[in-house]
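For reference, the structure discussed in these notes is given below.
The values are calculated or read from the model by the stated rules, or taken from the named source; none is laboratory data. As the structure is a prediction and not an experimental result, all values here were calculated from the model. Reconstructed Cβ throughout: ideal geometry from the backbone, glycine too, with neighbour counts over all protein chains shown. Quick note on the areas: whole protein, heavy atoms, side chains included, nothing else; ligands and nucleic acids left out. Shrake-Rupley method; radii C 1.70, N 1.55, O 1.52, S 1.80 Å.
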Amino acid sequence: MTMTPAETRPVSDSGRDDIALPFTVTPLDVRGRVVRLGPSVDQILRKHGYPEPVARLVGEATALTALLGTSLKFDGRFQLQTRTDGIVDMLVVDFDAPDRLRAFARFDADRLTEADGRLSSAELLGQGHLALTIEQGGEQSRYQGIVPLEGQGLEVAADQYFKQSEQIPTVVRLAVAQSVTGDGTAWRAGGFLVQFLPQSEDRRRQSDLPPGDAPGGIVPEPLADDDAWAEAKALSGTIEDHELVDPLLSSERLLYRLFHERGVTVFDPHDLRDSCRCSRDRIAAMLKSFTPTERHDMVGASGLIGVTCEFCGTHRDFEPSEFDPSPPKT
């Protein structure tokens, strides 16, 4: 396992959960990250009590968000969001740099019950779009990339995003599973991302996406992959789902299995954790943005305004008098 151009060391077999491990394979001009999620994703999924198919989809989305969010070079926010006509009609995962993850999904329980068999991510999502948003905060600009969801899963959608928005050849792999523990079962998720980034942009060229206005019968001429990228893709294609979620297989050992003939450099891992950004002050500020009449309509039978965070499930009650000393006239 290469550490620096002048230093090598044995591969670590000490598996670590809740990290993103950056790496590069210089001879192939590729770099990427491996994500391993244990307690963090288990806490996210358990607090919502999702049915198994939905939990697997949320786990995939959380791993993908960790893969993409940990590439940020600033203390900002990365968000993955889907809006579709599928059983899971909305899915949101937030990454707050440097290490905080939170997620939730909205789904139609009746449609899920009616569906037969184990549903794939693509079947749960249906038709709609995937939005990837980067917020740098302050006066900095906000960037958003949108990919149509047309019956494909998150892996393919992520590949399409990089191809059409970043023009970077990319492979993404995602896996979710339940492991048996002394206390029962626990959710795990893993992700792998590798990108072709040679110094020459000409070597990064990819086949164009089919144009929507191309005359009938016109087939775009395929563009052959660079030899280095073809090798990296072939090696990445050998990854098995269980390798991404196996608690006994370290991220370093996985990378060594893939790239030991070429030499792989690993960098310091990014820690990850389940943590919601909601707070009493944030929610109070949100409630202040409503009109007195709107807040009056929010008062429940208890005489309080109750707000439950969709991400972490925390419920908070507010006295209407905190915002309106005297109630609006009816």
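Counting other C-beta atoms within 10 Å, and keeping those with at most 11, which DSSP coil GluC sites (Glu not before Pro) do you find in the range 63-145? Can you show the working numbers first?
Details: sites: Glu114, Glu123, Glu135, Glu139; in loops: Glu139.
Sites meeting the loop and neighbour criteria: Glu139.
Considering only protein heavy atoms and a probe of 1.4 Å, how much of the accessible area of the chain is carbon and sulfur, as a whole percent? Could you put the intermediate results ahead of the total?
On the way: 8120 of 17120 Å².
Reported share for carbon and sulfur atoms: 47 percent.
For Thr113, project a label point 7 Å along Cα to C-beta. Then give me every residue of the range 24-54 with its amide nitrogen under 20 Å of that point.
48-54
What are the residues whose amide H is under 5 Å from the amide H of Gly86, where those residues sit 5 or more places off or on another chain and H is modelled from the backbone?
Gln127
Can you give me the solvent accessible area of Met286 with a 1.4 Å probe, rounded to the nearest 10 Å²?
Answer for Met286: close to 80 Å² accessible.
To the nearest 20 Debye, how big is the dipole of the range 229-273 about its Cα centre, given +1 on the beta carbon of each Lys and Arg and -1 on that of each Asp and Glu? Intermediate results must be reported in sequence, preceding the final value.
Working: 5 positive and 9 negative charges, 22 e Å.
Using only the charged Cβ atoms, the result is roughly 100 debye.
Please compute the per residue accessible area over the chain with all protein chains in place, 1.4 Å probe, rounded to a whole number of Å². Spell out each step's value before the answer.
On the way: 17120 Å² over 330 residues.
That works out to 52 Å² for each residue.
Please give the peptides 26-38, 67-79 ranked by average Cβ packing (other Cβ atoms within 10 Å per residue), highest first, as a rough proxy for protection. Can you show the working numbers first?
On the way: 26-38: 22.8, 67-79: 18.0.
Output ranking for 26-38, 67-79: 26-38, 67-79.
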